[in-house]
Structure formats: C-alpha cells, structure tokens
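Some notes on the structure that comes next.
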Amino acid sequence: MGSYTRKMMFGDQPRFDTGWGGWVWWAPLEDIPPETFVEHWGAGRFVGGYPTKDGIGVCACAPVSDDIAKQGPGRRSRIQERFAGMGKLVDSWLDNTPDDDAEMFFWHLSDVRSHEWIKGRVVLLGDAAAGFLPTAGIGASMAMESAAVLADELSRVNADSLELALHAYEKRRRHRVERVQGESRQLARMMFVESGMLAWGRDQLTKLYSIKQLAGSIAKAFDEPI
Ligand SMILES: Cc1cc2nc3c(=O)[nH]c(=O)nc-3n(C[C@H](O)[C@H](O)[C@H](O)COP(=O)(O)OP(=O)(O)OC[C@H]3O[C@@H](n4cnc5c(N)ncnc54)[C@H](O)[C@@H]3O)c2cc1C
C-alpha cells in the first residue's frame with residue numbers, strides 16, 4: 001500500500017480515506033462457530049472477528065478524529081470503554097485487549113489508486129497499483145489474479161516486446177481491479193457510519209437485502225474470466 005516504487009515513479013497518488021481506523025489484536029478461538037466471521041456494524045463504531053486456524057483476528061474501528069488512535073497509558077481502557085456493550089462475544093474479545101505497553105497495530109482505513117501502472121520496464125501490481133480497504137476482503141485475491149495475468153502476458157513475449165506485455169497486462173486488469181476497489185469503498189460507506197439516524201436506516205435496509213445482494217457484484221467478479 002505504501003509502495004516506494006509507486007512514489008518514485010509516479011509521485012503521490014490519490015487516496016480514499018474513510019476517516020476511520022482500527023485496533024487489531026488476537027483473541028482465543030472460542031464462542032464462534034468454525035469458518036464464521038462476525039461483524040457488528042454500529043453508529044460510530046465497528047467490531048469484526050475473523051477466525052484463523054490459531055485464533056480470532058479482532059478489528060475494532062472508530063472515527064480517528066477522537067482519541068481512539070492514542071498509544072500509551074490508558075489505551076486498553078479507552079478501547080474497552082469505546083466498544084463496550086456490543087454483546088457478549090465482543091466483551092470476551094475486549095477481555096483480551098493487549099496491555100498498554102504491548103505492541104499493537106492501529107490501522108488507518110484508507111486506500112490508494114495509482115493513475116499510472118507502467119513506466120518503461122517498471123510495473124505496479126497488487127496494493128501498489130490499487131490498494132484495498134479490508135471491507136470486501138478481496139485485496140489479496142485481486143493481487144494474485146493480477147500476478148497470474150502478468151505472468152501469462154510475460155510468457156508470450158521476448159525481451160524486445162516486454163513493454164507490449166506490460167500494457168496488455170494493464171489493459172486486462174485495470175477495469176476489473178478498480179471496479180472491485182470501488183465496491184469495497186461503497187461497502188465502507190455503509191459500514192462506517194457515525195450518525196445514529198443513518199446507522200438505523202442502514203440497519204433497516206440491510207434487513208431487506210441478503211448478503212448476496214449487498215456484495216453480489218464482488219462475489220460475481222470471481223465467476224468472470226480474468
Ligand atoms: C488486517 C488485514 C486483513 C486483510 N484481509 C484480507 C482478506 O480477508 N482477503 C483479502 O483478499 N485481502 C485481505 N487483505 C488485503 C491483502 O492483505 C492485500 O490486498 C494484499 O496483501 C496485497 O498484496 P501485495 O502483494 O500487493 O502487497 P503486500 O502483501 O503488502 O506485499 C508487499 C511485500 O513487499 C515487501 N516489501 C516492501 N518494501 C520492500 C523492499 N524495499 N524490498 C523488498 N520487499 C519489500 C513487504 O514486506 C511485503 O511483504 C487484508 C489486509 C489487512 C492489512
């Protein structure tokens with residue numbers, strides 16, 4: 001996401017900043033059915049739990065304008081107070097909030113979209129070309145698809161026509177990657193809502209739509225040839 005190659009070749013590129021950020025930590029694999037992730041979309045706060053083989057990755061997000069991102073003394077209690085009352089499951093994750101002096105990652109939820117991907121024989125791929133918000137859980141998939149397409153295009157040329165292959169790669173990938181990136185931004189607008197009224201409206205709407213309808217075009221993207 002913070003690619004120096006992108007910066008050196010193309011300078012600063014536009015970022016989409018949600019204005020939100022989140023703490024990330026691990027909790028034990030308890031109270032959560034296997035292969036299920038849980039997200040609580042609130043007003044001015046969001047907590048997600050994502051199980052892996054060894055533990056649950058917890059991500060607790062809020063607008064960065066308040067003191068939520070502050071490190072140091074009082075961090076643990078600030079996090080626990082900010083996300084209290086979101087149910088038993090969240091409470092159990094909050095019990096595992098690391099101590100104030102432990103290393104803990106605060107994740108600024110913004111992404112980046114590079115206007116250019118190619119200069120001479122230099123090419124961008126993955127998050128360097130189009131970085132993804134975590135909202136759709138699809139950035140790694142997009143990076144791997146792009147790597148497969150780049151390998152495919154490179155396998156068809158010799159060194160003399162390398163630049164043709166790079167341009168063919170960009171032509172095959174840019175539209176798809178940016179469309180899905182746009183959808184992950186759209187999801188962020190729904191998930192990261194501050195006003196109680198808007199959150200209420202969002203909650204009513206999400207009752208009417210299935211997850212397939214809400215994230216359908218992202219899922220459908222996987223049925224398309226790359
Ligand atoms: C908490 C979190 C959860 C996520 N969940 C999902 C998910 O569920 N599904 C999904 O599809 N995506 C997810 N993503 C997004 C996904 O991780 C990224 O989109 C993906 O890793 C991008 O791949 P990349 O190869 O472009 O970049 P990166 O994975 O960032 O790889 C870049 C690599 O380059 C290395 N590097 C940097 N500078 C140098 C240098 N000068 N020399 C040598 N090496 C260097 C870095 O150390 C790094 O290993 C998540 C991201 C985060 C942060």
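Data table
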| quantity | calculated |
| --- | --- |
| Filtered residues of the stretch 70-85 (kept if small (Gly, Ala, Ser) and free of Cβ contacts under 8 Å to residues at least 24 places away in the same chain) | 77, 84, 85 |
| In the stretch 25-57, residue modelled with the lowest pLDDT [restricted to those that are of a type in the set (A, V, I, L, M, F, W, C), open to solvent by 50 Å² or more (accessible area, probe 1.4 Å) and within 16 Å of the ligand (Cβ to nearest atom)] | 37 |
| Flag for residue 9 being within 13 Å of the ligand (Cβ to nearest atom), open to solvent by less than 80 Å² (accessible area, probe 1.4 Å) and under 29 Å from residue 114 (Cα atoms) | no |
| Looking only at the stretch 120-149, and only at residues there that are among the β-branched types (Val, Ile, Thr) and more than 20 Å from the chain's Cα centre (by Cα), the one that is farthest from residue 28 (Cα to Cα) | 122 |
| Count of residues meeting criterion [part of a helix (DSSP H, G or I) and over 28 Å from residue 29 (Cα atoms)] in the stretch 54-73 | 1 |
| Check on residue 117, more than 14 Å from the chain's Cα centre (by Cα), aromatic (Phe, Trp, Tyr) and farther than 30 Å from residue 40 by Cβ | yes |
| Any chance residue 196 is open to solvent by 40 Å² or more (accessible area, probe 1.4 Å), within 24 Å of the chain's Cα centre (by Cα) and farther than 24 Å from residue 114 by Cβ | yes |
| Breaking point among (1) open to solvent by less than 70 Å² (accessible area, probe 1.4 Å); (2) out of contact with any His (no Cβ under 7 Å at 6 or more places or on another chain); (3) at pLDDT 95 or above; (4) closer than 30 Å to residue 114 by Cα, for residue 83 | (4) |
| Flag if residue 60 is open to solvent by less than 60 Å² (accessible area, probe 1.4 Å) and either assigned by TED's automatic domain parsing to the domain that holds residue 121 or within 30 Å of residue 129 (Cα to Cα) (or both) | yes |
| Members of the stretch 109-156 found to be of a type in the set (Phe, Trp, Tyr) and either open to solvent by 20 Å² or more (accessible area, probe 1.4 Å) or near the ligand (Cβ under 8 Å from one of its atoms) (or both), listed by number | 132 |
| Subset of the stretch 95-108 [in a strand (DSSP E or B) and either under 16 Å from residue 11 (Cα atoms) or open to solvent by 40 Å² or more (accessible area, probe 1.4 Å) (or both)] | 105, 107, 108 |
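The values are calculated or read from the model by the stated rules, or taken from the named source; none is laboratory data. Just so it is clear, the structure is predicted and the values come from calculations on it, not from any experiment. Here the Cβ is made from the backbone with ideal geometry for all residues, glycine too, and neighbour counts use every protein chain on show. The area values use the complete protein model at the heavy-atom level, side chains included, leaving out ligands, DNA and RNA. Shrake-Rupley method; radii C 1.70, N 1.55, O 1.52, S 1.80 Å.
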